[in-house]
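Every number in this text was worked out from the coordinates using simple rules, so none of it is lab data. Source: prediction; values computed, not measured. A quick note on method: Cβ atoms are made from the backbone with ideal geometry, for glycine too, and the neighbour counts reach across all protein chains shown.
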Amino acid sequence: VQFNDDETISVSQVAERLHAEDSVVNAALETLSSGNCKGLLVQAKDRTYRVNTRFCPKASRLYPATPTTPDQPKETREVPRNKEMDYNVQIDAALVRTMKARRTLSEDDLVKEVTCLLGPTCKVDSSAIRGRVGGLVEREYLHPVSDNPAVFAYIP
């Protein structure tokens, strides 16, 4: 639509007409000029775009790549944190479930059982499980047995 008035157009002109940021417009125009969707041609010296009149797609629908902007890596960095929090909830649930069934268990046996229990759903290392055991002790779901601190008992 922006090319109805002009044959070539720059990123700043499109951004001005759309009232958008240059980085967002640049990312969108890059996706339309690369990959299997080459509907726009880029003039390298001054970074202006023009319509590719020879563009004739083989498919009836075009699927341009999703534009990436500099803001997106910040969002993707938060995903592993959320995933880690989900794993913590799963680990806590597996620990409590195991301890309800066994009542008293050594730390090594507890780690083995929880690893087997969570094995198909998520890969968790033993240090994460041991850390969550400490969290459950602080929240008073478990307590170490008085004669052996490596053995834990469930507090009903």
Discussion item. Suppose R0 equals 41 Å. What FRET efficiency, 1/(1 + (r/R0)^6) with r the Cβ-Cβ distance, do residue 34 and residue 88 give to the nearest 0.05?
Written reply: 0.50
Practice prompt. Report the residues of the range 105-120 in range of a label on residue 155: point 7 Å along Cα→C-beta, backbone N strictly under 16 Å from it.
Written response: 105
Discussion item. How much length would be gained if the chain were fully extended between residue 109 and residue 121, taking 0.36 nm per residue of separation minus their Cα-Cα distance, in nm to one decimal?
Written reply: 2.4 nm
Worksheet item: Karplus couplings for the range 42-54 from phi (6.51 cos²θ - 1.76 cosθ + 1.60, θ = phi - 60°), rounded to Hz, Gly and Pro as x?
Response: 9, 9, 5, 5, 10, 6, 9, 10, 9, 6, 7, 6, 8
Discussion item. What distance in nm separates the two pseudo spin-label positions at residue 100 and residue 8, each 7 Å out from Cα along the beta-carbon direction?
Written reply: 7.0 nm
Worksheet item: If amide H atoms are built 1.01 Å from N in the plane of the peptide, which residues on other chains or at least 5 residues away come under 5 Å of the amide H of residue 52?
Response: 40, 41
Worksheet item: Got a sec to turn the phi values of the range 139-146 into Karplus ³J(HN,Hα) couplings, 6.51 cos²θ - 1.76 cosθ + 1.60 with θ = phi - 60°, whole Hz, x for Gly and Pro?
Response: 8, 6, 8, 10, 9, x, 6, 4
Discussion item. Output wanted: per-residue J couplings in Hz (rounded whole) for the range 117-125, from phi through Karplus 6.51 cos²θ - 1.76 cosθ + 1.60, θ = phi - 60°, x for Gly and Pro.
Written reply: 5, 8, x, x, 8, 8, 8, 10, 8
